[in-house]
Amino acid sequence: MAARGRLMRTECVEIERSSGNVFADLGLPDADAHMLKAELVARIDKIIRERRLKQVEAAKLLGLSQPDVSRLLRGNFREYSLERLLRLLARLGRDVDIVIRESSLE
């Protein structure tokens, strides 16, 4: 009750709507690539959770060490290429299709 008798100080906080890509919102270079990698890692994490795999088991399937799996799932995926992440999904039994079509902007 240390705050008893004190007025709460409020600060004006500006809220900005996200573009949908937090990496772009933060002004990071290669934001689209980072967002795609994050989405792939989220898929990898979901598969591991759905299968109720321990990190040691997932590491064996993925051909990684357990500490590497831990780092990957905590969001430290900067050193992973898109190709490598796609290979990890394939090792988890997923087919990946890349679709190229005309842009709706043209």
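Some points to look at:
- From the options 54, 37, residue that is of a type in the set (Lys, Arg) and out of contact with any Phe, Trp or Tyr (no Cβ under 9 Å at 6 or more places or on another chain): 54
- Qualifying residue in region 35-48 (condition: part of a loop (DSSP other than H, G, I, E, B), at pLDDT 95 or above and either of a type in the set (D, E, K, R) or under 15 Å from the mean Cα position of the chain (by Cα) (or both)): no
- On the stretch given as region 22-65, residues that are free of Cβ contacts under 8 Å to residues at least 12 places away in the same chain, in contact with a His (Cβ under 9 Å, 6 or more places away or on another chain) and surrounded by 14 or more Cβ atoms within 10 Å (Cβ to Cβ) total 1.
- The residue that is surrounded by the fewest Cβ atoms within 10 Å (Cβ to Cβ), among those in region 81-97 that are in contact (Cβ under 8 Å) with a residue 40 or more places away in the chain and part of a helix (DSSP H, G or I), is 82.
- If you go through region 66-80 and keep only what is in a loop (DSSP other than H, G, I, E, B), at negative phi and surrounded by fewer than 16 Cβ atoms within 10 Å (Cβ to Cβ), you end up with 74, 76, 78, 79.
- Residue match in region 50-65 (condition: closer than 24 Å to residue 31 by Cα and touching a helix residue (DSSP H, G or I) at 6+ places or on another chain (Cβ under 7 Å)): no
- Scan of region 56-106 for residues that are in contact with a Leu (Cβ under 6 Å, 6 or more places away or on another chain) and modelled with pLDDT of 95 or more, ordered by number: 62, 85, 88, 91
The values are calculated or read from the model by the stated rules, or taken from the named source; none is laboratory data. The shown structure was predicted, so the numbers you read here are calculated from the model rather than taken from an experiment. Cβ coordinates were reconstructed from backbone atoms using ideal geometry, including for glycine residues, and neighbour counts include every protein chain displayed.
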